[in-house]
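The values are calculated or read from the model by the stated rules, or taken from the named source; none is laboratory data. Keep in mind that this is a model prediction, so the values were computed, not measured. Ideal geometry is used to build each Cβ from the backbone, glycine not excepted, and the neighbour counts take in all protein chains shown.
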Amino acid sequence: MATPPISRRTVLAAGAGAAAAGLTVPGAAHAGHSTGSVGFTLNAQVLDGGEQVTSVTLDTSRLGPVDPASLTTGTFTVHAKATSPLPLAPGDLIFSEYDLDRTVTAARVDRRGDIVLDLSTAEGQVGGGTLGYIVSKGRNVQLKLVYTITQNAPISVRRRPVTISTFRQGRLSNPEVDAFSYHTSRSGMKYRLYSPSARGRRPLVVWLHGGGEGASLPDNYYDNETTLRANRGALGFATREAQRIFDGAYVVAPQSFSAWMQDGPRFAPLIREIILDLVRRKDIDPRRIYVAGCSNGGYMSMEMTVFYPELFAASVPICGVVQALQGGERLITDDELRAITTPTWLVTSLDDTTVPPEPNTVHAHNLIPGSLVTLYEHVVWNGYQFPGHWSWIYVARNDPSIDGQHIWQWMARQRG
């Protein structure tokens, strides 16, 4: 489960690929030349707490050079509405739909001559996110986003005042997410793949998502999106820093049909199928395959090393589940933990109330031979405290270290 108790959940919100939205500006409101329709792009970034729309780019370069001095934060108003892509049952809850004005913090002209409206963005901020969490399903979903742009004053183009008649919403753009290509395995499991620019035999990092990012059944919501947008788990390994440390690595993020914990033994060979197929098709070093995952994915990371002890050079289970929640049965037995031979570094936070450390991470560390463990007191990054379950934030930032060696460097040094 990549989701903490609802009362503590940081608000993520609303989705991609929304329907076009526009608003005609009354000609009488502004003096000067009126031009036709202009498209706009929603620009997003994945923060540590999830993806947010951080700016809007208006496709104004075709109008001619815009005078930056004619732009203020009040020239345009940006309204955002986010709604569920799935019908909700009576009484069901979703965190969080929203319908509000976004605060424009800056208006500028970029290198292409397009107007960019920077929007107020912060961890935990209500409005602006791209995911919603449906309580009854325990799933994050991409919600339908409709942005409406209103022009409040003319802009200056070639010293003429210009008013744009209508605005057309375009795509959601996130370069980090868009760098991962879309795929489906022969068994039907969807996955996203980052391919390094460097040539030659390269390592492979397998990222296994939390429970909130699996498919939602029985409504067949299976988006191949939330695995990258809910947190920086997979994206961290595709950053410039990580690619330098791993000497250029492929990063694959499979998406479960439901949740890894629901049937780990069934999912294990399906994940392995994706890995072996990539090894066949790409120039991947089979001695440098690494697996990491959070919560449900932390469980699955350990499960993969139980089933395939020779496949991985290293494993990083983050707040991984060993014992089913509410005191249930052990999903990984003590004998299985003792038998793990893959070098393992476990990570969690002591204030994790979703997957308590003692019966899970600490217990696994005590039994997995030679394993390393990092126990944080809280999950705090850039001065913002996240729910204790979100310790994957630290791994995505290469923060865990032991005796001066950080976790990415440790992973990259391991060989199968």
## Note on the structure
Those residues of the stretch 324-344 which are of a type in the set (A, V, I, L, M), over 27 Å from the mean Cα position of the chain (by Cα) and surrounded by fewer than 18 Cβ atoms within 10 Å (Cβ to Cβ) amount to ALA339
### Query
Regarding ILE275, is this residue within 23 Å of ASN398 (Cα to Cα), under 25 Å from the mean Cα position of the chain (by Cα) and outside any loop (DSSP other than H, G, I, E, B)?
no
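Given the criteria farther than 23 Å from ALA234 by Cβ, in contact with an Asp or Glu (Cβ under 8 Å, 6 or more places away or on another chain) and of a type in the set (A, V, I, L, M), does LEU375 qualify? Steps first, please.
Numbers: farther than 23 Å from ALA234 by Cβ: yes; in contact with an Asp or Glu (Cβ under 8 Å, 6 or more places away or on another chain): no; of a type in the set (A, V, I, L, M): yes.
No.
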### Selected residue (only one of GLY214, GLY248 is assigned by TED's automatic domain parsing to the domain that holds TYR191, in contact with a Pro (Cβ under 7 Å, 6 or more places away or on another chain) and not aromatic (Phe, Trp, Tyr))
GLY248
### Task
Evaluate the stretch 189-208: report whether one residue or more is in contact (Cβ under 8 Å) with a residue 60 or more places away in the chain, touching a helix residue (DSSP H, G or I) at 6+ places or on another chain (Cβ under 6 Å) and not assigned by TED's automatic domain parsing to the domain that holds ARG288.
no
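Tell me the residue from SER136, SER185 that is more than 25 Å from GLY39 (Cβ to Cβ), among the hydroxyl-bearing types (Ser, Thr, Tyr) and not assigned by TED's automatic domain parsing to the domain that holds LEU88, please. Steps first, please.
Details: SER136 fails: not assigned by TED's automatic domain parsing to the domain that holds LEU88.
SER185 is the lone residue from the list that is more than 25 Å from GLY39 (Cβ to Cβ), among the hydroxyl-bearing types (Ser, Thr, Tyr) and not assigned by TED's automatic domain parsing to the domain that holds LEU88.
Keeping to the stretch 221-264, report how many residues are polar (S, T, N, Q), farther than 19 Å from ASP178 by Cβ and free of Cβ contacts under 8 Å to residues at least 40 places away in the same chain. Show your work before the answer.
Our first condition is that a residue be polar (S, T, N, Q); within the stretch 221-264, this holds for 224, 226-227, 231, 239, 243, 255-256, 258, 262.
Checking the rest, the ones that are also farther than 19 Å from ASP178 by Cβ come to 256, 258, 262.
Remaining after also requiring free of Cβ contacts under 8 Å to residues at least 40 places away in the same chain: 262.
Residues in the stretch 221-264 being polar (S, T, N, Q), farther than 19 Å from ASP178 by Cβ and free of Cβ contacts under 8 Å to residues at least 40 places away in the same chain: 1 in total.
Count, please, the residues in the stretch 247-272 that happen to be in a loop (DSSP other than H, G, I, E, B) and crowded, with 23+ Cβ neighbours inside 10 Å. Write out each step before concluding.
Looking only at the stretch 247-272, we keep the residues that are in a loop (DSSP other than H, G, I, E, B), and these are 247-249, 255-259, 263.
Narrowing further to those that are crowded, with 23+ Cβ neighbours inside 10 Å: 249, 256, 259.
Selection size over the stretch 247-272: 3.
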### Task
Tell me, yes or no, whether the stretch 109-131 has at least one residue that is over 25 Å from SER216 (Cβ atoms), touching a Phe, Trp or Tyr at 6+ places or on another chain (Cβ under 8 Å) and charged (D, E, K, R).
yes
#### Entry: Test: ASP223 is in a loop (DSSP other than H, G, I, E, B), over 21 Å from the mean Cα position of the chain (by Cα) and in the same structural domain as SER391 (by TED's automatic domain parsing)
no
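How about the stretch 158-205: which of its residues are of a type in the set (Lys, Arg) and either farther than 30 Å from ALA69 by Cα or touching a Lys or Arg at 6+ places or on another chain (Cβ under 8 Å) (or both)?
Here is the first cut: in the stretch 158-205, the residues of a type in the set (Lys, Arg) are 158-160, 168, 171, 186, 190, 192, 199, 201-202.
ARG186, LYS190, ARG192, ARG199, ARG201, ARG202, listed by residue number.
Based on this model, can you work out whether ARG199 counts as farther than 30 Å from HIS406 by Cα and either among the acidic types (Asp, Glu) or assigned to a loop (DSSP other than H, G, I, E, B) (or both)?
Details: farther than 30 Å from HIS406 by Cα: no; either among the acidic types (Asp, Glu) or assigned to a loop (DSSP other than H, G, I, E, B) (or both): yes.
No, not satisfied.
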### Message
Here are the criteria: (1) closer than 22 Å to SER216 by Cβ; (2) touching a helix residue (DSSP H, G or I) at 6+ places or on another chain (Cβ under 6 Å). Tell me which single one ILE271 does not satisfy.
### Response
(2)
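Quick one: which residue in ILE155, ILE149, ILE134 is crowded, with 24+ Cβ neighbours inside 10 Å and in contact (Cβ under 8 Å) with a residue 60 or more places away in the chain? Walk me through it before giving the result.
On the way: ILE149 fails: crowded, with 24+ Cβ neighbours inside 10 Å; ILE134 fails: crowded, with 24+ Cβ neighbours inside 10 Å.
So the residue among ILE155, ILE149, ILE134 that is crowded, with 24+ Cβ neighbours inside 10 Å and in contact (Cβ under 8 Å) with a residue 60 or more places away in the chain is ILE155.
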### Task
Show the residue pairs that are 6+ apart or on different chains and have beta-carbon atoms under 9 Å apart, the first residue being within the stretch 166-186 and among the aliphatic types (A, V, I, L, M), the second being assigned to a loop (DSSP other than H, G, I, E, B) and surrounded by fewer than 19 Cβ atoms within 10 Å (Cβ to Cβ).
LEU172/GLY17; ALA179/SER195
